[in-house]
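What follows is a single structure, written as structure tokens, with notes after it.
The values are calculated or read from the model by the stated rules, or taken from the named source; none is laboratory data. Since the model is a prediction, treat every value here as computed from it, not as a measurement. Positions of Cβ are backbone-derived with ideal geometry, glycine not excepted, and every protein chain shown enters the neighbour counts.
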Amino acid sequence: MSRTPEIAFLSAVEARKAFQAKNLSPVELTQAVLERIDQHNQRYNAYCLVDAESAMAQARASEERWMRGEPFGKVDGIPIAIKDLILTRGWPTLRGSFAINPNQDWRDDDPSVERFRRSGAVLLGKTTTCELGWKGVTDSPLTGITRNPWNESLTSGGSSGGSAVAVVLGMTTLALGTDGGGSTRIPASFCGCVGLKPTFGRVPVWPTNPFGTLRHTGPMARTVEDIALMMDVIARPDARDWYALPDDSMNYSQALTGGVKGLRIAYIPQFGSVQVDPEVAVAVRGAAKAFENLGAHVEEMDAPFEDPLDLMATLWYTGAAQVVSGYGPEARAKMDPGLLETAADGSSYSLMRYLEVIMQRTNLGIRLSQFHEHFDLLLTPTLPIPAFEAGYEVPRGWPGRRWLTWTPFTYPFNLTQQPAISVPCGMTTSGLPIGLQLVGAKYKDALVLRAAQAYESAAPLHRRPPV
């Protein structure tokens, strides 16, 4: 019987231990993952580019280093997928768009990609995204629809949907995503993996993105341990990102221990006017109870702020307008109509409106900072609903027109730049994943990961899709 599925679903931490014990080689792991890609990518559309030849060459080089006992770093030999918004040397970064010319000299790595490369990770390819990362689902004119691993008629979420699907289907061990309004956490919730949005500036970003200080690079994996391992590699400053935070020398893997006993957790079951699906509500309430059983002090309460939807929409839509402004009429004619509509809305805002929103955002951040003087963590559903039909920005019959209207739990923390993680906390009766979100004060990434690890250890939900 083939060992491929078992090998492909090893965590990075497990694979690294197997490399050290010489029970597994990076070549075997990479072969297993590539076999999963061959089996499932055409159906689910997680990758828009796979470079098997390069991946195997990297794996063989890693195997030689492990045989000598000289691995480059913590992820040497571990396969990783890169979202196609993130620059990767030697591969085109087309961002799900016909507007970008693939015939360029692609010679630069994003800071996170550069660190993974230097640490010996095996870069597999580029994962699908919506066009220019503008919405919370993954479909684009260039690459089509990315489908949910639990039900291919449903969306994967987005915009890091390809990365989430690749992780969940064993088509990679680790993945990089981006998050401007929930784009690591949304697909993590819909697909059943772990997605982290670090504190803004903790993971450097380059080049500068038109969505500005909303946009984060974040790790995605099947376990919290693997997320921490990724943070150990990428959470260091880079001179190309002038927002980058100073190096705090944090070892995130070591910081996972300690549990949640005595922590003060605010459980907020609903934000704004969006009704939470009953099955989602029950699962997240159960997670809150699990934290109580682990020794945390959990207090159910209303949100400590009003829904900042209008605030977020103003910033997001003006960012979209800036993105689109760099392309001529011929390129725009091939773009996602929803992106063009959003950009048109963004172009209509006045400078005074924009400046008012900047002040409102500042006040929201202050309010949350003061809130965290009394609570260590916020606990919410990641999303109010399970995955819906693929190919649509919002569920059919949804009262809102844009994706922000069904993501009330994720985008507030892009505005406030706080660390937030989504971890699986249950399944619906129809077999779809449900995500739990944990949010910490700015710079408390290690605490968020520690709490997520405590929950994951108490309520493990590493279920494989039925493919």
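Listing for the model above:
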quantity	calculated
Residue in the stretch 416-423 that is over 20 Å from residue 287 (Cα atoms), part of a helix (DSSP H, G or I), over 16 Å from the mean Cα position of the chain (by Cα) and at pLDDT 95 or above present	no
Within the stretch 368-390, considering residues that are exposed (fewer than 14 other Cβ atoms within 10 Å of the Cβ) and part of a helix (DSSP H, G or I), the one farthest from the chain's Cα centre (by Cα)	370
Top-ranked residue of the stretch 430-467 - restricted to ones that are among the polar types (S, T, N, Q) and more than 13 Å from residue 150 (Cα to Cα), ranked as surrounded by the most Cβ atoms within 10 Å (Cβ to Cβ)	437
Where residue 228 falls short, out of the listed (1) in a loop (DSSP other than H, G, I, E, B); (2) buried (at least 22 other Cβ atoms within 10 Å of the Cβ)	(1)
Unmet requirement for residue 263, which otherwise passes all of (1) farther than 29 Å from residue 176 by Cα; (2) touching a Leu at 6+ places or on another chain (Cβ under 7 Å); (3) free of Cβ contacts under 8 Å to residues at least 40 places away in the same chain	(3)
Which numbered condition residue 214 fails, given (1) under 26 Å from residue 386 (Cβ atoms); (2) crowded, with 22+ Cβ neighbours inside 10 Å	(2)
Segments classed as strands (runs of 3 or more DSSP E), wholly inside the stretch 84-192, with at least 2 members that are touching a residue at least 24 places away in the same chain (Cβ under 8 Å) and surrounded by fewer than 24 Cβ atoms within 10 Å (Cβ to Cβ)	151-155
Selection count where residues are loosely packed, with under 15 Cβ neighbours inside 10 Å and in a loop (DSSP other than H, G, I, E, B), scope the stretch 232-257	9
Residue in the stretch 290-304 that is among the polar types (S, T, N, Q), out of contact with any helix residue (DSSP H, G or I) (no Cβ under 6 Å at 6 or more places or on another chain), over 30 Å from residue 339 (Cβ atoms) and not in a helix (DSSP H, G or I) present	no
Matching residues in the stretch 48-60 - criterion: being crowded, with 17+ Cβ neighbours inside 10 Å and either farther than 16 Å from residue 121 by Cβ or among the basic types (Lys, Arg) (or both)	48, 49
Candidates 208, 217, filtered to the one that is part of a loop (DSSP other than H, G, I, E, B) and either among the hydroxyl-bearing types (Ser, Thr, Tyr) or in contact (Cβ under 8 Å) with a residue 12 or more places away in the chain (or both)	208
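Table: residues versus (1) in contact with a Cys (Cβ under 8 Å, 6 or more places away or on another chain); (2) over 19 Å from residue 176 (Cα atoms); (3) of a type in the set (Lys, Arg); (4) in contact (Cβ under 8 Å) with a residue 40 or more places away in the chain.
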site	(1), (2), (3), (4)
6	no, yes, no, no
18	no, yes, no, no
27	no, yes, no, no
33	no, no, no, yes
36	no, no, yes, yes
58	no, no, no, yes
73	no, no, no, yes
